[in-house]
Amino acid sequence: MTSRMFFKNTCLIGVASLLVISVAVAHAAADKKDKPQGRLLLGKVLDPQDNPVVGAIVYVTNMRNHAVKTYIVGHEGTYRFPGLSTVDYEVYAQYNGHKSDTKSVSQFDDRSEVYVDLRIDVR
């Protein structure tokens, strides 16, 4: 094999390698873009008769760093916390001095959407 043929073959292999790498990187980026960024915690705050508790405040606590996020429930009684890290969380609701039970969301729960209803006895 001449040095010229060797050079051509080496260039072809190099170009083919770059093409394969760029396709793999583009595919990995597309996979990352399609996956939701973080976990979504959502649910409703309800009274014992399954009526929405409008104006309740939902608290979610990151148990790793103890950061607290809040959400004020609207007329449908729903709340949502998008983009949560995969760590343990505790969630509860309060309304006019009444508090729901505290619910836990485990870091080992691999669902991308976690639905938790909270009940407050507002009597």
Among (1) surrounded by 14 or more Cβ atoms within 10 Å (Cβ to Cβ); (2) in contact with a strand residue (DSSP E or B) (Cβ under 7 Å, 6 or more places away or on another chain), the one test that residue 98 misses = (2)
message = Residues that are modelled with pLDDT of 60 or more and β-branched (Val, Ile, Thr), at least 3 per element: which strands (runs of 3 or more DSSP E) completely within segment 1-102 meet that?
response = 57-62, 68-72
query = Does segment 56-109 hold any residues that are touching a residue at least 12 places away in the same chain (Cβ under 8 Å) and either among the acidic types (Asp, Glu) or not assigned by TED's automatic domain parsing to the domain that holds residue 43 (or both), and which are they?
reply = 76, 88, 90, 101
request  = Could you please give the count of residues in segment 103-121 that are among the aliphatic types (A, V, I, L, M) and either within 10 Å of the chain's Cα centre (by Cα) or part of a strand (DSSP E or B) (or both)?
outcome  = 3
query = Quick one: how many residues across segment 47-64 are surrounded by 20 or more Cβ atoms within 10 Å (Cβ to Cβ) and under 13 Å from residue 101 (Cα atoms)?
reply = 2
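The values are calculated or read from the model by the stated rules, or taken from the named source; none is laboratory data. Just so it is clear, the model here is predicted, and its values are computed rather than measured. Glycine gets a Cβ as well: all are built from the backbone with ideal geometry, and neighbour counts include every protein chain shown.
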